[in-house]
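Q: Below: one structure in structure tokens.
The values are calculated or read from the model by the stated rules, or taken from the named source; none is laboratory data. This one's a predicted model, so the numbers in the text were calculated from it and none came from an experiment. For neighbour counting, all protein chains shown are included, and Cβ atoms are generated from backbone atoms with ideal geometry for every residue, glycine included.
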Amino acid sequence: MMAAAAAGCTRATDATKMTELQRVRSGTVDVVLLSPSDALHRGKDAFVVEFKSASDGNLVDVGNVRATANMPMPGMAMFGKIDIQPTGVPGRYAAASEFEMVGTWRMAIEWDGPAGKLVRELRASGVEGQLQLSWDGLDAEGAGLANGVYVFKLQARAVGVSGSANASQKSNRQGRFVIVNP
């Protein structure tokens with residue numbers, strides 16, 4: 001997933017003492033930039049990135065997060081450094097930036113899903129076009145999933161009489177879903 005934000009150009013993580021600079025909706029998640037001041041500043045700065053459910057505003061774990069920043073200029077582009085780390089609160093990340101010039105910076109934030117952890121693997125076999133797979137929403141240990149954005153991967157292959165499959169008989173799909181517990 002990716003969200004883009006523009007921000008004008010202190011490592012703090014207490015969101016209650018921060019100002020919301022920008023909120024961008026990406027699917028079912030709001031990406032929120034928070035700062036201890038009214039803007040991001042030139043030089044070294046710190047801010048917080050939160051991922052919240054668009055439906056209820058609760059923080060959601062999105063796993064690994066990366067960010068890049070650039071400032072387009074005629075004939076060239078400036079690139080800023082951004083380091084994002086988890087804070088220990090799922091869905092809240094501390095960010096440190098270093099922007100060398102004052103101006104309008106464009107920021108791109110990408111995330112994977114809850115830490116790339118394999119939650120559960122389901123297997124089934126059946127007749128082509130008639131295979132149905134059900135999931136009870138639990139992980140491999142039988143526990144419910146925490147709030148977060150998850151990735152699913154579907155791999156299907158047709159197996160011949162010899163037990164092997166060639167490349168034309170394989171299909172891979174990937175998607176995302178959100179768990180929001182009451």
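Q: Filter the stretch 32-55 down to residues that are aliphatic (A, V, I, L, M) and assigned to a loop (DSSP other than H, G, I, E, B) and give me whichever is farthest from the chain's Cα centre (by Cα). Talk me through it step by step, then tell me what you get.
A: Applying the first criterion (aliphatic (A, V, I, L, M)) to the stretch 32-55 yields 32-34, 39-40, 46, 48-49, 54.
The next check asks that each one be assigned to a loop (DSSP other than H, G, I, E, B); those that pass are 39-40, 54.
Working: A39: 23, L40: 22, A54: 14 Å.
For the stretch 32-55, the residue satisfying everything is A39.
Q: Here's another thing I want to ask about it. Name the single residue that is surrounded by the most Cβ atoms within 10 Å (Cβ to Cβ) among those in the stretch 35-53 being farther than 16 Å from A69 by Cα and at pLDDT 85 or above.
A: Step one: filter the stretch 35-53 for residues farther than 16 Å from A69 by Cα, giving 35-38, 50-53.
From the residues that got through so far, the ones that are at pLDDT 85 or above too are 35-36, 50-53.
Values: S35: 21, P36: 16, E50: 23, F51: 27, K52: 19, S53: 19.
Selected residue: F51.
Q: Can you list residue pairs whose Cβ atoms sit under 8 Å apart, with the first residue in the stretch 13-32 being under 17 Å from A96 (Cα atoms) and modelled with pLDDT under 80 and the second being surrounded by 15 or more Cβ atoms within 10 Å (Cβ to Cβ) and hydrophobic (A, V, I, L, M, F, W, C)? Count only pairs 6 or more apart in sequence or on different chains.
A: From the stretch 13-32, the pairs are T13/V48; T13/A94; A15/L34; A15/V48.
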